[in-house]
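Heads up, the thing below is written out as structure tokens.
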Amino acid sequence: GLYFTPLGAHRDSERTAHYGPSEIVHIEDFRKGKYILCRYDKWFSCNTVKRTLFFFWRFGNQVHGMENDLSEPLSYSWDGEGNFYKAYGIINDKNINKVELILSNGDRLAQEDFYGDMFLIPWQADGPRSFSGIIAYDKNGDIIYERVYK
């Protein structure tokens, strides 16, 4: 369907998926639309809504949440469509003050200003720059969490 607002598309995508309603934590623009970072009960999600036909909106992907694993310092997910990627998650260890992504070409992207206890790191890739790992640091630069894929 087509919607007049991005939030209308987001809410209907949740209803269609029998998920939510979630609490919207942050909305971030990207060239094709908006990322909507949310939490619902024990899950977190980052729904994509896209602009279409100049002023209408439709829902994209990732409306379903990932369960927050409280045994880990942070829980995260990532996905991409076309050249647009995002990594997002929820921070469980209050000592984390920086989250850094490693991309497959070696580039690193970081976020230090969080949305409460959540983060969203979007990027655009014209070549091989997919997700390759994530590292979380404390204020002293010590690693609290690291997951790197080869």
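Some values worked out for this structure:
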{"item": "Calculated FRET efficiency for the pair GLU81/PHE4, C-beta based, R₀ 25 Å, to 0.05", "result": "0.60"}
{"item": "Out-of-range pairs (alpha-carbon distance over 27 Å; input LYS86/LYS139; LYS42/LYS86; LYS32/LYS139; LYS50/LYS94)", "result": "LYS32/LYS139; LYS50/LYS94"}
{"item": "Extended-chain gain in nm, criterion 0.36 nm per residue less alpha-carbon gap, GLN124 and PHE30", "result": "32.9 nm"}
{"item": "Where labels lie 7 Å past Cα in the beta-carbon direction, separation of HIS64 and ARG15 in nm", "result": "2.1 nm"}
{"item": "At R0 = 22 Å, FRET efficiency that the Cβ-Cβ distance of TYR40 and ASN105 yields, to 0.05", "result": "0.05"}
{"item": "Normalised alpha carbon radius of gyration of the chain [divisor 2.2 N^0.38 Å]", "result": "1.05"}
{"item": "Loop-located GluC sites (Glu not before Pro) in region 56-131, at most 13 other Cβ atoms within 10 Å (DSSP)", "result": "GLU112"}
{"item": "Inter-label distance, nm, simple model (7 Å from Cα along the C-beta direction), ARG51/GLU72", "result": "3.4 nm"}
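Only the coordinates and a few stated rules stand behind these numbers; no lab work does. Worth saying up front: this structure is predicted, and the values here are computed from it rather than measured. Positions of Cβ are generated from backbone atoms using ideal geometry, with glycine treated the same way; all protein chains shown enter the neighbour counts.
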